[in-house]
Amino acid sequence: MNNIIYVGKHSLTTTVSRHAHKSWELIYCTSGQGRMILDGSRTLDYSGGDIVIIPPMVPHENISEDGFTNIHINLADCTLTNKEPTVISGDKNGYLLDAFSAAFFFFSGASSICTALLPAYGNLIVTFLSHLHPSDERNEIARKIEHDIIQNYSDCGYSLGDYLNSLPFSYDYLIKLFKKEFGVTPHKYLTETRLRAAADCLTASQGYNISDVARLCGFREPLYFSRLFKKKYGVSPSSYIPERPASHAASSDSMKIPL
């Protein structure tokens, strides 16, 4: 989840032509100010310290009289629930700026540790933004379930079913609510989180054997883990070699939109 597929920077710039992305785009304005022009008469004004969230396939262009600088990130499998482009403020201590800067640094690197850390920064940034921009009540219930999964996925004894039954809502309602917000059931989300963590462990090359990885990521049975891993990634855990876009030659998935 929240996989970083591209990170770039704009030095002092006044115009970015109209385009759209297949993925989510998060833009941290590091200095200056400008305006996002969307469809029709919709616009978003932003300034230094603001973060602009652009959902997939939303055409937008960026203009500024005096210029702006920014760091922009593209995310796949993003768990943000914004339906429309949004400007978020509130990074008073610069923690998000640090995270964006670190994401750019590690995306530009070529070592295995760079690859291993990128997923962590994707999740960190999305979690931070979610807290700066609270969702509605229904989303908060889904977020509460997501938080419990993330906090406990590595525990082999964790029972998601027991947790859902402890909430003051019907089990079926919670399943439907979570799926509406995240596109998958809570149990599928738990499995995907564990498999993503396993892939990160294998990428980091810590010398773990398959049983270690399974246990660290919440799977009781190594054989069951191996079967699920191969189904998702197409290879066994012992044969897994992650693919990573070339650092400097990589490009975002932007598509230019004719005026």
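Here are a few things to note about the model shown:
- Mean projected area in nm² (Cα convex hull; one quarter of hull surface) for region 40-152: 9.1 nm²
- Farthest toward positive dipole pole in region 39-197 [+1 Lys/Arg, -1 Asp/Glu at C-beta], among Thr81, Val52, Ala99: Thr81
- Per-residue HN-Hα couplings for region 71-79 [Karplus 6.51, -1.76, 1.60; θ = phi - 60°; Hz; x = Gly/Pro]: 10, 10, 10, 10, 10, 9, 6, 6, 9
- Only the Cβ atoms of Lys and Arg (+1) and of Asp and Glu (-1) were treated as charged; on that basis the dipole of region 1-141 about its Cα centre amounts to roughly 280 debye.
- Charges were assigned to the Cβ only: +1 to each Lys and Arg, -1 to each Asp and Glu. The resulting dipole of region 26-77 about its Cα centre is roughly 40 debye.
- Dipole size of the chain about its Cα centre, with +1 on Lys/Arg Cβ and -1 on Asp/Glu Cβ: approximately 780 debye, rounded to the nearest 20.
- Rounded to two decimals, the Cα-based Rg/Rh of region 53-115, with Kirkwood Rh, is 0.99.
- 3J(HN,Hα) from dihedral phi, region 31-37, Karplus parametrisation 6.51/-1.76/1.60, rounded to Hz, x for glycine, proline: 6, x, 7, x, 9, 8, 9
- A run of the chain free of exposed loop cleavage sites, with trypsin sites (Lys or Arg not before Pro) counted only in DSSP states other than H, G, I, E and B and at most 14 other beta carbons within 10 Å, reaches its longest extent at 93-219.
- Of the residues Cys201, Ser41, Asn123, the one whose Cα sits farthest towards the positive end of the charge dipole of the chain is Cys201 (charges of +1 on Lys and Arg Cβ, -1 on Asp and Glu Cβ, taken about the Cα centre).
- Hull volume in cubic angstrom per residue (convex hull over the Cα atoms of region 123-192): 89 Å³
- The ellipsoid that matches the Cα gyration tensor of the chain has semi-axes, each √(5λ) in whole angstrom, of 34, 23, 15, with the longest given first.
- Of the solvent-accessible surface of the chain, computed with a 1.4 Å probe and all protein chains present, 52% belongs to carbon and sulfur.
- Close amide H pairs (under 5 Å, H built 1.01 Å from N) link Tyr6 with Asn74, residues at least 5 positions away or on another chain.
The values are calculated or read from the model by the stated rules, or taken from the named source; none is laboratory data. Nothing here was measured: the structure is a model prediction, and the numbers come from that model. Glycine gets a Cβ as well: all are built from the backbone with ideal geometry, and neighbour counts include every protein chain shown. Surface accessibility is based on the protein's heavy atoms, side chains included, excluding ligands, DNA and RNA. Shrake-Rupley method; radii C 1.70, N 1.55, O 1.52, S 1.80 Å.
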